[in-house]
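Novice: Structure incoming, see below.
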Amino acid sequence: MPSKSSSHSWHVFTATQDPHHHHHHHDQLSYELPYTMEICMTELDPVLAGKFFRRSGDEKSGHSAGKEMTELTGINEINKEAFICDFAFDPCGYSMNGMDGELYSTIHVTPEDGYSYASFECAGLVNNDDDDDIVHVLRKVVQIFRPGTMSVSITTCSEYNNEVWRKVAGAVEPLGMKCRSCAVDQFPAIGSVVFQTFTPLRWKNASK
């Protein structure tokens, strides 16, 4: 799936035994829709990225140092109900896997200046009357890393895709990120994928 940036595109791999699969529509007034969200971030804020470096002379285990990073950065606030297994690499870097029942989340961070990168992926449920989960997760992730460039891919059922891109943009634009491109496509069995790219608002102003 393309974007306006030559360095950003999204590749989707899917397989199904039923190419004519259709999603069932829900008749009830309120129901939960599953989604998968994947966020890729580069050019992380140097101060925030610095929290993923271990202190000189630190003799803590990778798991102990990882737990400290989880709390220091606020990653534990993304989903307070999740059981988190975290690890800090030496001298820098971080990895986390979280479980909350059938839902999961995972984070990987390379914080070095010049090629800093962080990825976040999660599976969640969104109520058709309440999008607080997606909004909360997106805002927390942006606040933790403050990336210079970011792409967001959300996979969900087709009946919700018309609202996804608005919800994503509305969640992060108050934090200074501007949506630069948006692509939507449908795939058999899995539903729709909405792929968006973001950069800070100041980038557009600086280019004028």
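The values are calculated or read from the model by the stated rules, or taken from the named source; none is laboratory data. Keep in mind it's a predicted model, so treat the numbers as computed, not measured. A quick note on method: Cβ atoms are made from the backbone with ideal geometry, for glycine too, and the neighbour counts reach across all protein chains shown.
Novice: Report every pair of residues separated by at least 6 positions or lying on different chains whose Cβ atoms are under 9 Å apart, first residue within segment 71-86 and at positive phi, second part of a helix (DSSP H, G or I) and of a type in the set (Val, Ile, Thr).
Specialist: That search, which allows pairs on different chains as well, returns 74/144.
Novice: Keeping to segment 170-199, report how many residues are at pLDDT 90 or above and in contact with a His (Cβ under 7 Å, 6 or more places away or on another chain).
Specialist: Final tally of qualifying residues: 1.
Novice: Mind checking whether some residue in segment 44-62 is modelled with pLDDT under 95, in contact with a helix residue (DSSP H, G or I) (Cβ under 7 Å, 6 or more places away or on another chain) and surrounded by fewer than 12 Cβ atoms within 10 Å (Cβ to Cβ)?
Specialist: So far as segment 44-62 goes, no, none of its residues is modelled with pLDDT under 95, in contact with a helix residue (DSSP H, G or I) (Cβ under 7 Å, 6 or more places away or on another chain) and surrounded by fewer than 12 Cβ atoms within 10 Å (Cβ to Cβ).
Novice: Out of (1) among the small types (Gly, Ala, Ser); (2) touching a strand residue (DSSP E or B) at 6+ places or on another chain (Cβ under 6 Å); (3) modelled with pLDDT of 85 or more, the odd one out for residue 116 is which?
Specialist: (2)
Novice: Can you name every residue in segment 152-169 that is in contact with an Asp or Glu (Cβ under 6 Å, 6 or more places away or on another chain) and either crowded, with 18+ Cβ neighbours inside 10 Å or modelled with pLDDT of 85 or more (or both)?
Specialist: 153 - this is the single residue of segment 152-169 that is in contact with an Asp or Glu (Cβ under 6 Å, 6 or more places away or on another chain) and either crowded, with 18+ Cβ neighbours inside 10 Å or modelled with pLDDT of 85 or more (or both).
Novice: Oh, and also: Within the bounds of segment 70-79, is there any residue that is in contact with a strand residue (DSSP E or B) (Cβ under 9 Å, 6 or more places away or on another chain) and over 24 Å from residue 135 (Cβ atoms)?
Specialist: no
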